[in-house]
Amino acid sequence: MLTPKASSSFFKFSSFLPKKSGRIRLSSKEIILENNSIFFSFFFKSFTNLEFFHEMRKRSIFQFLFLKFFPLNCLKKKHETLYKSLLAFVAWVMLSVSALAVDVIVVSHGQANDPFWSVAKNGVDKGCADMGISCKYTAPATFDMVEMAKLIDNAVSQKPKGIVITLPDAAALGKSVKAAIAAGIPVISMNSGSDDFASLGISAHVGQTEFEAGVGGGQKMKAAGGKKALCVNHEVGNVALDRRCAGFKKGFGGSVDILGTSNDPTEIQKAVAAKLGGGYDTILTLGAGLAGEAALKALEAAGKVGSVKLGTFDMSPGMLKAAAAGKVEFLIDQQQYLQGYLPIAIFGQYMRYGTMPAGVVMTGPGFVTPDNAAKVIKWAAQGYR
C-alpha cells in the first residue's frame, strides 16, 4: 500500500503522463496507458526480490531507468511520451521505496556512541549489507526502560519482517515484546536476556549467559588470590548486570560488595576512588569503556595498580592496551560484533528459507588476558572486537 507521502509524490509527476490511450510492450514488461492513468505490470521475478529494491537504492533514477527499463531505441524522439511516462513512474517508485518499512529494526538499550555498542552496531551494519536487507538501529538516549519500550512499540507499528532487541529488563519490556509477537513479527534478543527470552516467546537469543560468565570471572579472581571484592554496576536496574555480579560472587567465594553508579565515567572514577580505603583487593567492572577505564584511572591515581586486581566485562581500546601492559587481569569478551551480526544473518536466512535456531546462540564468554591481548588489539582497531 502506498503511503500518503508516496502517493502525493506520484500525482505531482502525473503531468508527464500521456493523454492518449494505448498499449506498448517492452520484452517482458508491459505498460498500459489508459485515460490519463498509467498502470504498470512487471512480469519478471526480480521485482519481487530484495536485490531489486537494493539496486534501485544504489543507482540514480536515470541509471536505473536506462539499465532496467529502456532498450536504446526508446531514446528516439518518437518514444518521447513513453520516456516521460516511465521517468515519472521510476521517480515515483524511488520515492515509494524510501517510504517502505525497513526489513529489520534493532532496538538496543546501548547507544551507538558507546565504544562497546559501536562494535555491536558495526556487526548489525555488516550483517545487513551481507544479507542484502534494510535495517534500522535505535536506542534510548540513556538507559531508560520506559523509552526503550516506546521504541519497541514504534518498531511494531512499522511492521518490519523482524525485530532484534536487547532485554535488560524483561518485566519492563515484556508487554511490548509480546505485542510484537502477537502482531506476527518474529523477535530475536541479543546481548542481554539469556535467562528471560524464552518466557516472552522470543524465537532465539544471541549472546552469553550472564551468570555463568560472572562465575568464570569470580573463579579467575579467586585463583589470583583475591579475598575482598567490589563489583561496580554502572546500570542499576539492568537485570543482566545484576546476574553478572551474582555469578561473580558465587565464583569468587569471598566477600563481594556491589557499588551502584551511573554511567558517567567521572562519577564512576570518584565512586571507586572513595572505596579504595575499604580494604578491597579486587575490582570487577561490568563494562570496559565506561566503568573499566574509569576504575583503572582511580587505581592509577591512588598508586594501586597491581596491588588491587582489576577485571572487567567487555572490551574497549583503552582496556585492551591496559591488559597488554599487564595492568588488568582479564577482559570478559562476549564478542558483541557477533551479537550484532548474527541476529541479522538469522533473519536473512529466515526471510529466504524460513529457518530459525532455537535457544541461546553463544558468543561468549572468552577471556582476554595479558598473554593474548596484543592479538586482539588489531581486530579491535578495525571495529570487530
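General remarks:
- Near the amide H of PHE330, within less than 5 Å, lie the amide hydrogens of THR312, all on another chain or at least 5 residues away, with H placed in the peptide plane.
- Cross-link check: pairs LYS136/LYS175; LYS126/LYS220; LYS150/LYS249; LYS150/LYS321; LYS121/LYS309; LYS220/LYS375 evaluated at a Cα-Cα cut-off of 27 Å; pairs beyond the cut-off: LYS126/LYS220; LYS150/LYS249; LYS150/LYS321; LYS121/LYS309.
- Converting phi to 3J(HN,Hα) with the Karplus coefficients 6.51, -1.76 and 1.60 and the offset θ = phi - 60°, the range 139-152 yields 7, x, 5, 9, 6, 9, 6, 5, 5, 5, 4, 5, 5, 5 Hz in sequence order, with x at every glycine or proline.
- Virtual paramagnetic centre 7 Å along Cα→Cβ of GLN158, amide N under 13 Å, in the range 196-224: none
- Virtual spin-label span in nm between TYR353 and THR142, 7 Å along Cα→Cβ: 4.6 nm
- Projecting the Cα atoms of SER262, VAL236, GLY214 onto the charge dipole of the range 148-262, computed from C-beta unit charges around the Cα centre, puts GLY214 farthest toward the positive end.
- Between ALA129 and LYS150, the contour length at 0.36 nm per residue exceeds the alpha carbon distance by 4.9 nm.
- Taking each residue as 0.36 nm, the span from GLN219 to LYS375 lengthens on full extension beyond its C-alpha to C-alpha distance by 53.8 nm.
- From phi via Karplus (6.51, -1.76, 1.60), per-residue ³J(HN,Hα) for the range 282-296 in Hz, x at Gly/Pro: 9, 10, 10, 9, 9, x, 6, x, 9, 6, x, 5, 5, 5, 4
- The distance between label points at ALA302 and ALA274 comes to 1.3 nm (points 7 Å beyond Cα on the Cα→Cβ vector).
- 5 angstrom amide H check on VAL236, placed H, neighbours 5+ away: THR261
- Each Lys or Arg adds one and each Asp or Glu takes one away; over the other residues whose Cβ falls under 14 Å from the Cβ of PHE197, this sums to -2.
- Long-range HN-HN contacts of LYS309 with modeled amide H, under 5 Å: THR282, ILE283
Read the figures in this text as sums done on the coordinates, not as results from a lab. None of the values given here were measured: they were computed from a predicted structure. Cβ: placed from backbone, ideal geometry, glycine included. Neighbour counts: every protein chain shown.
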